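My structure is below; once you've seen it, I'll send some questions.
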Amino acid sequence: MLKLKKFSDKITVALTYIFVIEIAVAIALAINFMYDYHFFGSDSDTYPIQKAMSKISEQEYEEISKYLTLYFQSETPAGLSPEEQKTLDYYVSDYSAENTNIVFKVEGRNGDIMFNSDENFDYNDSDACCYKEKRTLNVYSEETGNIAGRVTLCVRQDMTAHDNYYLALKLLNISMTLRYAVFVLLFILICVAAFLLGWLMYSVGKPKDAKKQFLIDRIPFDILVLIVIAFTAFALTLILLTSVPNIKETNIVLWNAIILIIEFFQSIVLLVFCISLASRIKSGSVLKNTIPYKIANKIRKKTKQNENIKIPFIGKTLIAMGGALVFDLAIVFYFVYKYKTSETGLLSDFHFLFFAFSQVAFLFVFGSVFFLIAFNLNAMRENSKKIASGDYGSIPDSHIMFGDFRAINEDLIAIKDEMINALEEKNRSTEMRNELIANISHDLKTPLTSIINYSDIVSSGGCNEEELENYLGIIKNQSQKLNNLLQNLIEVSKVSTGTIEVNFESLDIVLYLTQIIDEFSHLFAEKNLTPVLDIPDESIFIECDGTMLWRVFENLINNICNYAMPDTRVFIDVRRKDNNVEISLKNTSANKITLTEEELVQRFKRNDKSRRTGGNGLGLSIAKSFTEVQRGKFELIIDGDLFKTVMTFKEKKQAENTDPAD
């Protein structure tokens with residue numbers, strides 16, 4: 001089968017399908033009409049004509065009554081006015097043998113003929129009448145204003161006039177001839193509609209991306225089926241309510257129009273449902289996109305994760321609306337059932353007031369719920385607008401909301417708090433950046449200024465040999481200080497950008513730390529500091545980068561020598577703790593520590609705000625960054641003047657004893 005690729009072709013086929021369905025419904029209504037008129041019964045030769053003529057004649061009696069009233073009034077001395085005479089002349093012409101196929105006469109109580117529309121017509125000749133009936137009417141009397149007269153109405157068999165009776169008889173004869181052919185035509189139309197619907201379903205493409213699916217395809221399939229069933233039940237209910245004799249028998253044209261309109265929308269619903277079904281089948285989501293499957297899948301996932309199961313808001317909404325709709329349909333079917341099973345079958349037996357009250361109550365409850373939903377949505381919209389505009393101080397709490405709306409509003413409040421924290425953090429970062437720039441400028445400018453000044457003195461040639469040696473030493477020291485600062489900045493930059501290379505190895509931290517203390521013993525001696533080691537006698541291995549760890553201890557020891565109180569002890573401990581190795585360094589600060597632990601590990605942060613000590617404010621920051629990049633943990637503890645750093649590494653249980661890095 002050729003697929004429909006163009007959207008215009010699909011629209012054309014869809015409209016053709018709807019058109020064919022409407023024709024099929026019209027033919028079905030015609031078949032229903034034939035059953036009502038006994039086209040397929042044993043009395044099909046007489047009953048259809050008798051019933052059709054009776055229907056038309058029923059509408060004639062009002063005009064006949066007016067005609068007779070004017071006629072009898074014209075026979076009185078008072079006579080008729082010009083307008084009434086004109087109307088009477090119209091009736092005389094309209095009911096003449098040339099313009100109508102009905103004849104009628106009026107008999108008084110004594111059997112006298114008071115009026116006869118055709119004196120030559122034999123009312124007793126059955127061959128001359130295809131339909132005949134008698135009825136008592138009130139006609140005009142001079143004394144009382146009206147008298148009872150018996151009207152005999154006949155429809156001519158020969159049908160000489162082309163009036164409604166003539167057209168009705170022609171239609172009945174044609175319908176009688178085609179009464180069995182309409183079934184064949186209906187079957188053909190149903191096949192054509194099925195073919196067109198199948199063609200459209202075959203031409204539906206498989207969605208490549210679930211996000212690009214139509215909204216109708218995202219609705220759970222069982223919910224979609226319930227919606228279609230509910231709409232179909234609603235349509236059937238409307239058809240049942242409009243099929244009462246008072247409506248159907250009185251105005252068959254109006255009833256047929258109502259049915260065609262209802263079926264027009266029903267055909268669109270069926271078309272959309274079938275196209276969505278085809279799309280789901282091709283994407284393999286018929287069963288997967290159902291509420292039971294999703295619930296079972298969520299239960300399975302939550303069971304594995306040991307989490308509570310939560311129904312999404314759309315699921316709660318669909319369940320609530322579906323339940324309310326089923327309840328309302330049950331009420332509708334109950335009243336329809338009570339009416340259909342009543343003994344009289346009259347429309348007056350339909351308890352309309354109770355039915356209307358139930359529907360009004362249903363709409364009131366539903367309207368109240370929708371009002372609350374709209375109120376909550378509006379409140380969330382206003383709150384989100386405030387957040388978007390930067391107004392974080394006037395968002396109301398969630399006590400006026402319910403269900404998921406409360407949860408969403410609380411999430412908005414959490415977002416607001418996070419935004420406030422982010423702004424505060426941004427302000428702190430801006431302040432730190434400005435301070436960082438100022439500190440870098442100071443630390444770079446100080447040695448550079450010394451180098452320039454002493455270089456100028458040396459180049460001037462106005463100093464002796466001893467002064468020259470002293471000045472060159474100062475220039476060398478300041479150059480080394482400047483070089484160290486630049487090297488630290490490069491290392492910090494590498495750690496921040498993640499470009500630093502780490503070479504992990506198994507390291508005996510006991511032996512390694514002993515070598516470090518020996519290496520920096522002269523520095524401790526210069527500052528009159530006494531290192532006190534508390535380390536195990538056995539080897540303890542960790543996995544780290546030996547060179548990088550050396551830089552960590554170098555920065556920590558330099559920090560201790562710069563800021564520790566002279567003539568005090570420095571405690572260096574190594575101990576095992578929960579499969580980890582803790583390395584701690586403790587010293588007593590020479591000055592009061594005014595900064596917090598968080599501030600001290602920031603770059604270019606120094607407890608000495610005068611910046612007269614030999615540090616540059618990068619030592620602790622580098623030590624922390626290098627420790628963490630080696631998968632370790634760095635902790636700073638301050639207790640009064642006690643300054644303590646703790647590094648934690650995973651102990652390597654099975655490691656070969658390798659030589660420590662130099």
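The values are calculated or read from the model by the stated rules, or taken from the named source; none is laboratory data. The structure displayed is predicted, hence computed values, not measured ones. Every residue, glycine among them, receives a Cβ derived from its backbone with ideal geometry; neighbour counts consider all protein chains shown. Calculation scope for accessible area: heavy atoms of the full protein, side chains included, ligands and nucleic acids excluded. Shrake-Rupley method; radii C 1.70, N 1.55, O 1.52, S 1.80 Å.
With the cut-off at 31 Å, tell me which of the pairs 10/288; 206/294; 6/294 have Cα atoms farther apart than that.
Among 10/288; 206/294; 6/294, the Cα-Cα distance tops 31 Å for 6/294.
Relative to the Cα centre, what is the charge dipole magnitude of the range 44-165, using +1 at the beta carbon of each Lys and Arg, -1 at the beta carbon of each Asp and Glu, and rounding to the nearest 20 debye?
Dipole magnitude for the range 44-165 comes out near 420 debye.
Please list 577, 476 from largest to smallest accessible area, probe radius 1.4 Å, with all protein chains kept in place.
My answer, sorted largest first, is 476, 577.
Between residue 326 and residue 29, with labels modelled 7 Å along Cα→Cβ, what's the label distance in nm to one decimal, could you check?
That separation, rounded to one decimal, is 3.4 nm.
Using amide H atoms built in the peptide plane, which far-off residues or other-chain residues are under 5 Å from residue 129 H to H?
For residue 129, whose amide H was placed from the backbone, the distant partners under 5 Å are 157.
For residue 218 and residue 150, compute 0.36 nm times the residue count separating them, minus their Cα-Cα distance, and round to one decimal in nm.
17.4 nm
Moving on. Any idea of residue 185's accessible area? Nearest 10 Å², probe 1.4 Å.
Using a 1.4 Å probe on the heavy atoms, I get roughly 80 Å².
If you don't mind, there's one more thing I want to ask. Any chance you could run the full-extension gain for residue 653 through residue 638? It's 0.36 nm times the residue separation minus the Cα-Cα distance, nm to one decimal.
2.2 nm
Assuming R0 = 45 Å, what is the FRET efficiency of residue 373 and residue 288, from their Cβ-Cβ distance, to the nearest 0.05?
0.95
Normalising by the residue count of the range 14-111, find the relative contact order in percent from Cα pairs under 8 Å and 6+ residues apart. Write out the running numbers ahead of the final one.
On the way: 23 pairs, mean separation 10.7, N = 98.
Answer for the range 14-111 is 11 percent.
With a ≥ b ≥ c the root eigenvalues of the C-alpha gyration tensor of the range 21-82, is it rounded (a/c under 1.5), prolate (a/b larger than b/c) or oblate?
Cα axes put the range 21-82 in the oblate bin.
Taking amide H positions as placed in the peptide plane 1.01 Å from N, state which residues far from residue 570 in sequence (5 or more) or on other chains have amide H under 5 Å from it.
530, 532
Mind ordering 466-473, 632-639 by average Cβ neighbours within 10 Å, highest first? Write out the running numbers ahead of the final one.
Values: 466-473: 12.1, 632-639: 15.2.
Put in order of decreasing packing, that is 632-639, 466-473.
Obtain the nm distance between the two label points defined at residue 590 and residue 467 by a simple spin-label model: each point lies 7 Å from its Cα along the Cα-to-C-beta direction.
Taking the simple label geometry, residue 590 and residue 467 are separated by 3.0 nm.
If I model a spin label as a point 7 Å beyond the Cα along the Cα-Cβ vector, how far apart are those points for residue 419 and residue 504 in nm?
With each label placed 7 Å out from Cα toward Cβ, I get 4.3 nm.
Sort 380, 53 from largest to smallest accessible area, using a 1.4 Å probe on the heavy atoms of the protein chains.
Most to least solvent-accessible, the answer reads 380, 53.
Classify the range 499-592 as rounded, prolate or oblate, taking a ≥ b ≥ c as the square roots of the eigenvalues of its Cα gyration tensor: rounded when a/c is under 1.5, otherwise prolate if a/b is larger than b/c and oblate if not.
Working: a/c = 2.02, a/b = 1.53, b/c = 1.32.
Here the range 499-592 falls in the prolate category.
Also: Non-local amide H neighbours of residue 590 (under 5 Å, H modeled in plane, Pro and chain starts lacking H): which ones?
HN-HN under 5 Å from residue 590: 564, 565.
Calculate, for residue 364 and residue 87, the FRET efficiency according to 1/(1 + (r/R0)^6) with r their C-beta to C-beta distance and R0 60 Å; round to the nearest 0.05.
0.65
Hey, another quick one. For 203, 429, write out the residues from largest to smallest accessible area, computed with a 1.4 angstrom probe and no ligands counted.
Details: 203 10, 429 55 Å².
Ranked list, largest accessible area first: 429, 203.
What ³J(HN,Hα) values, in whole Hz, does the Karplus curve 6.51 cos²θ - 1.76 cosθ + 1.60 give for the range 268-277 when θ = phi - 60°, with x put for Gly and Pro?
Once rounded to whole Hz, the list reads 5, 4, 5, 4, 4, 4, 5, 5, 5, 4.
Which one, 27, 50, 76, is farthest towards the positive end of the dipole of the range 1-119 when Lys and Arg carry +1 and Asp and Glu -1 on their Cβ?
27
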